[in-house]
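Novice: Take this structure first; my questions come after.
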Amino acid sequence: MKNSLVILTLIMLFAASFAYQLSIKVTVTQDTLSVGSNVSLETSGVEIAAGRTGDDGIVKFNVSNGSYFAILKSTLYPKQVTLIEVNGDTAVTLTKRQQISYATAYGQIIGPTDFSNATISAMQNNRVQKKVTSDSNGYYVLSLYGLPDGAYDIVFEAPGYDKISSHEYLPLSEFVEVNAKMSATAVPVELEPVLFAPAQVQQSSFVEISLTKGGSPLVGEIVAVDTPAGKINLPPTDSSGKAGINAAQSGLYVFTYGKLSSSTAVLPKQAPAPVPAPTPVPTVTPQLPVPAPSQQPNEQGGSVILAGATLFFILLLVGLLILIVWVKAIAPALAKKKHAHHETHPEHAHSETHKHEQHGATHKKAAPHKKK
């Protein structure tokens, strides 16, 4: 049941999409009907329907509103293309011609949504030989009446789209299909102007603003400023895109250019702080620094003392050795030698004893005289 409903819905939608009847009558002359002529309908380069005329010379198609190419094909007549625009039930008459003395280009432009101003031109040597305008759906027929066949540049143009061209050879008495797909022109990003003013300045300062666009200065532009005293216009911006005003009063300065605005806070001028009296500085006699005693003399003195003590002990040791040698060896040897001499020469010993006695007597006699 559900599948039947879906199929019925699709059939209704399909029937609704082809709700209008296109009747095409084909004649050979104005009064002679063409029976059994082949007629086809094309749109967007695709054949969507085909039929043959009846005894009345008419063939009928169920179509929707839009543009269609009606193409007559016959072995006895040249191919003939006619543009038909359907808007409700439509009836047209087409007449076959045994000879066509001009070349024709036809086709459709794909891309623009509004084809009211799209143009198609046949150009040779950069000169327009023929120009036509497409219909609202982008379909066109460009017939070169009175122009020779040959190579042409078919140029397609539409507002907001890039111009394109196709180099085609258009033979005499033939229809050549030339379709085109156009792309929207990239719209450059419109740069917004930039208005700059300092955030704050001191009263009586010069407030300088700058006006640029895309990094380049805007010259000769008028910037308004709302001051505490009222609203005025600044002088035109100079070659650097700058202008300014003296901030005579404190408060908020609002600069405007079109929809742009920038503000500067002007701070009130502050009274200079009193300068304190200089504090007398006491005179201090500088004292020369006393150099620290050098350690080198102490080290040298210690070395001298150590060397002297060492020498003293060496001499003392030598003296003790000499004394020991004298006591142990030399003195006994001398005493023994002297004793041996006395025994050998007793007179010498007596004489020496006598001399000692005399010397003692003399000394005794002289002693009282010395006391006196």
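Novice: Looking only at residues that are over 30 Å from the mean Cα position of the chain (by Cα) and assigned to a loop (DSSP other than H, G, I, E, B) in the stretch 229-257, which one is surrounded by the most Cβ atoms within 10 Å (Cβ to Cβ)?
Specialist: ALA247
Novice: How many residues does the stretch 90-114 contain that are assigned to a loop (DSSP other than H, G, I, E, B) and crowded, with 17+ Cβ neighbours inside 10 Å?
Specialist: Step one: list which residues in the stretch 90-114 are assigned to a loop (DSSP other than H, G, I, E, B), which gives 96-103, 111-114.
Imposing the further condition that a residue be crowded, with 17+ Cβ neighbours inside 10 Å reduces the set to 96, 103, 111-112.
Number satisfying all stated conditions: 4.
Novice: What pairs come out if I take residues in the stretch 184-207 that are closer than 20 Å to GLY258 by Cα and pair them with residues that are part of a loop (DSSP other than H, G, I, E, B) and of a type in the set (A, V, I, L, M) whose C-beta lies under 6 Å away, six or more apart or interchain?
Specialist: VAL207/ALA247
Novice: Among the residues of the stretch 63-79, write down those that are surrounded by 13 or more Cβ atoms within 10 Å (Cβ to Cβ) and more than 60 Å from the chain's Cα centre (by Cα).
Specialist: Those that are surrounded by 13 or more Cβ atoms within 10 Å (Cβ to Cβ) and more than 60 Å from the chain's Cα centre (by Cα): LEU72, LYS73, SER74, TYR77, PRO78, LYS79.
Novice: Which of the following residues is surrounded by fewer than 18 Cβ atoms within 10 Å (Cβ to Cβ), within 28 Å of GLN21 (Cα to Cα) and not assigned by TED's automatic domain parsing to the domain that holds TYR77: ASN87, ASN125, ASN137, ASN117?
Specialist: ASN137
The values are calculated or read from the model by the stated rules, or taken from the named source; none is laboratory data. These figures come from a predicted structure and were not determined experimentally. Don't worry about glycine lacking a Cβ; one is built from the backbone with ideal geometry, like all the others, and counts go over all protein chains shown.
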